[in-house]
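Data first, discussion second: the structure below is written as structure tokens.
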Amino acid sequence: MRSRLLRTARCLGRDYTKPSAQALRCSGARWQSTSGREWSTPLAKTLAEAISVTGPLPVAAYMRQCLTSDLGGYYTSHNEGRDVFGQKGDFITSPEISQVFGELVGLWVVAEWMAQGRKSEGVYLMEVGPGRGTLMDDMLRTIRNFPALASSLEAVYLVEASPSLREAQHKLLCGDKPIEEIDIGHQSYSKYADNLKVIWTEDVRFVARDPAKTPFIIAHEFFDALPIHIFQSVPPSQPSAPSEITTPTGKHTLNETARLPRASQTNSWRELLVSPTPPYSNHASLGTPKSQQSSGPPPEFELTVAKASTPHSLYLPETSQRYKALKNSDHAVIEISPESQAYAADFAVRIGGGTAPTPTPSLAATSSSTTTTTTQARPVSSSKPEPVHKPTPSGAALILDYGPPSTIPTNSLRGIKQHRMVSPLSEPGLVDLSADVDFMSLAETAINASEGVEVHGPVEQALFLNAMGIKERAAQLVKRALDRERGASLEKSEGERRKEDLTETVKRIETGWKRLVDRGPQGMGKLYQVMAIVPHVPPKEGEKRRRPVGFGGDIVV
Ligand code: SAH
């Protein structure tokens, strides 16, 4: 559950080419383009100028720029120098609410490792979008209690776009161990084990897909930050052609079939595009739900429906039966995230072997931006990827995020600022953008990419965490806090970590875990879903299919 609390920053109110992190945070400042129009952020100005040359942008390209452009992207620039995660920061995410969350995710990895025969070498952990590193830290602390797994770990890979968050993760996970640059990013060593490498990279495709390795991959609140394309089903245009023609032989009445070109008789998908709102406009933008519309000026950018088909609208909605089934529902809106699909396919291939599809035209297009504010290096290759032969699938991926469990997300693009939903089309780079995750699309992509995997879930977070024993673990933490108070010398607990008094500690543990499994509208138990990609093991005759813990299965010892 995301929320942001922007601190009021002193404004510098001047034009420049390379904005400083402080200047990017000044919400009152304006940036003027050559046309004389003023923009709320330097990124708004850059985007508007680029659009005036190249035409309106697909939503995915706009999102990519807003989130990870190195000239003012939300993650890559404006967070510099301050902590946006945790209770006192801008975001509240589950690992920041309670240490129990990361511990149970760590236990899930332990349970999968045991169920898959306790590999003694070649195991690695990977987290995509690790935020402050809290989840990975809680996982590693838990895994330390299982020495056979801990000693099989070769490396921890962290896929992170933000340099400032990489620094925070390094501090938390490695303490004062030095960090050095390597070919795929950066490297240091875990504070828990001198020989455990921690490796940062900006894209999962930089990490070799070695069939001899066993990857355990975690994605918490990562997929909702990946760009989406939005398409609307548009009915055929009304006939404007004449109903009669006059020829040298007289007047002829045309029947409808003859009057309309064949292609326009069925609905077609049209992409929603982003462009600057015309100056002096006072209309509400297509992208702004009523609840987010204020009486103030309209957002700086607006969504319009493309007048004609684009390569994306001709290609992406044809890639799954799920989209095709909606094509003839007039005005249906669907969201598709090819970048999310590429990540799901990558995870599946790492676990089960196979060939991850080449990035779609869309992925390449949104990565190599149409603006001059280039994003981080993107390893989009034009050559066909090598298939990964993995005779014995191994490893697992756990995806935790928000989105509908089975339907295609629609109208879910939102901006988040100061704990409130705001227009995603204002103050680019200062507003966090996210969209619902299409779990079924991730499942479908994973299964299509690798014959060696199966998918479990999604299940509600409440169900998953309850099955993992959240109540019992929280009770254990409360007991430890009480025992410590009685003078027992026990392992370092959250209470020590945050120097709170006992009552506060107990209250925080209790409210924290309950919020994670609360199925009400304010809780995270129903809103968040959990899905697992694991090796496909056909059940032996007379046996049932193995189910992972948290998805209906028991711990296999
Ligand atoms: N998992 C963390 C943080 C979630 S916020 C938690 O639950 O607290 C999203 C994270 O993904 C941030 O670390 C952000 O910097 C990272 N991120 C966003 N887009 C990314 C991209 N395209 N590539 C790599 N990392 C990205």
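Structure notes:
- With a threshold of 19 Å on the Cα-Cα distance, the over-threshold entries among 479/507; 171/197; 307/327; 171/479 are 171/479.
- Per-residue SASA entry for residue 189, accessible area with 1.4 Å probe, Å² rounded to 10: 80 Å²
- Pairwise label distance in nanometres, residue 448 with residue 476, each label 7 Å out on the Cα-Cβ vector: 4.1 nm
- Where labels lie 7 Å past Cα in the beta-carbon direction, separation of residue 206 and residue 386 in nm: 2.0 nm
- In segment 112-181 the Cα-Cα distances spread across 10 Å bins starting at 0 as 18, 49, 27, 6 percent of all pairs.
- A simple spin-label model places pseudo-atoms 7 Å from Cα toward Cβ; at residue 176 and residue 237 they are separated by 7.0 nm.
- If R0 is 30 Å, the Cβ-Cβ spacing of residue 266 and residue 245 corresponds to a FRET efficiency of close to 0.75.
- Segment 451-466-segment 169-187 distance, computed between alpha-carbon centres (Å): 32 Å
- Here the gap between residue 35 and residue 510, fully extended at 0.36 nm per residue and compared with their Cα-Cα distance, gives a gain of 165.4 nm.
- Label-reachable residues, segment 451-488, where backbone N falls under 20 Å from a point 7 Å from residue 114's Cα toward its Cβ: 464-477
- Net +/- balance of residues flanking residue 320 in space, Cβ distance below 12 Å, scoring K and R +1, D and E -1: 0
- Extension reserve of the residue 252-residue 421 stretch, reckoned as 0.36 nm per residue once the Cα distance is removed: 55.0 nm
The values are calculated or read from the model by the stated rules, or taken from the named source; none is laboratory data. Quick caveat: nothing in here was measured; it's all calculated off a predicted structure. Cβ atoms come from the backbone with ideal geometry, glycine included; neighbour counts cover every protein chain shown. Remember, those area values only see protein heavy atoms, side chains included, never the ligands or the DNA or RNA. Shrake-Rupley method; radii C 1.70, N 1.55, O 1.52, S 1.80 Å.
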